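Everything on this sheet refers to the single structure shown next.
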Amino acid sequence: MKARFLIPVLMFFSLLGRGQNLQPDEKNALINVVVMDFQKKPMSAEKISFISKKTQKIYSGTTDNSGKFQVLLPKDAGYDVKYMEFTSEAAYEKPLAIPKGEEHQFLTFTYTIRVQLPEKYTLNNVMFDVNKATLTSESFKELDKFSSFMNAKKTMVIEVAGYTDNVGTDDANLKLSQQRAEAIREYLLKHGVSAGQIIAKGYGASNPVATNDTPEGRKINRRTEIHIIKQ
């Protein structure tokens, strides 16, 4: 599942106006980056990166409470655009091209990105010891990235949902899934995430997403999902 969908809109090019914190020059264009959801609500703490196709240099910024930030990008160059997902960086399929412009022309434009967060997201590479609620060391990298994401999203409230396969009794699976969800919640709390942002709930073997008739299917069903309650 993709974590979000982005639609960039280049609004306009113009000469430099007053009141900008940054200023374009003969070599660099000023990009006013705006990030909002599909209801046009500003999205704060969204990190967007522009990677130069010429030099591979990264130019990035993080949106403020108004869903905006500014960045200067060298003109006459193309850029790949990336954004932060829950635990990784994802590329947007359409690159950004900054024209050279006329001689001595200072360029400014607005780049709008519309973001749609998923209602739920499966944490990949989060694993436990067999029949236990003890996180394996392989899980820490993924959870550390997710902790950083949650620490930036101070208003977000999530449910950590634990699931098992159907091996064993319903009561045992429900108990194990609850313990595993709570183990992830405790890990996030220890890494700075506010207690009010996280609810832990185990669902046992309910809501399978694959068959429980094969080892591969059971492995898929033993999962941890993040349910977004409030953005």
message: For the pairs K82/K132; K40/K120; K27/K141; K41/K145, flag any whose C-alpha to C-alpha distance is greater than 32 Å.
response: K82/K132; K27/K141
- request: Could you calculate, for the range 18-126, the ratio of the Cα radius of gyration to the Kirkwood radius, expressed as Rg to Rh?
  value: 1.01
- request: Hey, can you find the accessible area per residue of the chain for me, probe 1.4 Å, expressed in square angstrom?
  value: 55 Å²
The range 159-221-the range 21-64 distance, computed between alpha-carbon centres (Å): 37 Å
task: Output the relative contact order of the range 110-231, whole-number percent, from Cα pairs under 8 angstrom with separation of 6+ residues.
output: 35 percent
task: Would you kindly give the portion of the calculated P(r) for the chain that falls above 28 Å, as a percent of all Cα pairs?
output: 43 percent
query: Which residues in the range 96-120 place their backbone N less than 16 Å from a point set 7 Å from the Cα of S66 along the Cα-to-Cβ direction?
result: 109-113
field: Inter-probe distance in nm under a simple model that places probes 7 Å from Cα toward Cβ, at D76 and D171
entry: 7.6 nm
task: Scan the chain and hand back the longest stretch that contains none of the GluC sites (Glu not before Pro) lying in DSSP loops with at most 14 other Cβ atoms within 10 Å.
output: 120-231
- request: Count the net charge of all other residues whose Cβ sits under 14 Å from the Cβ of V157, scoring Lys and Arg as +1 and Asp and Glu as -1.
  value: +4
query: Using 7 Å Cα-to-Cβ label points, what is the K141/N207 separation (nm, one decimal)?
result: 2.8 nm
message: 7 Å from Cα along Cα→Cβ at both H104 and S148: what's the point-to-point distance in nm?
response: 4.5 nm
message: Suppose the chain between K54 and L117 were pulled fully straight at 0.36 nm per residue; how much longer would it get relative to their current alpha carbon spacing?
response: 19.5 nm
- line: Sites removed, the longest contiguous part of the chain containing no DSSP-loop trypsin sites (Lys or Arg not before Pro) with at most 15 other Cβ within 10 Å is 155-231
- prompt: Expressed as a whole percentage, what fraction of the accessible surface of the range 76-139 belongs to carbon and sulfur atoms when a 1.4 Å probe is rolled over the protein heavy atoms?
  reply: 45 percent
Mean separation of Cα contacts under 8 Å (6+ apart) over length of the chain, as relative contact order %: 20 percent
field: Accessible area, probe 1.4 Å, largest first, for residues F149, F140, F109
entry: F140, F149, F109
Nearest 10 degrees, 0 to 90: helix 170-190 Cα axis against the chain principal axis: 40 degrees
Value at 222 nm in deg cm²/dmol, rounded to 500, when DSSP H runs of n ≥ 4 in the chain each add -39,500 (n - 2.57): -5500 deg cm²/dmol
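The values are calculated or read from the model by the stated rules, or taken from the named source; none is laboratory data. Nothing here was measured: the structure is a model prediction, and the numbers come from that model. We place every Cβ from the backbone using ideal geometry, glycine too, and count neighbours over all the protein chains shown. Surface accessibility is based on the protein's heavy atoms, side chains included, excluding ligands, DNA and RNA. Shrake-Rupley method; radii C 1.70, N 1.55, O 1.52, S 1.80 Å.
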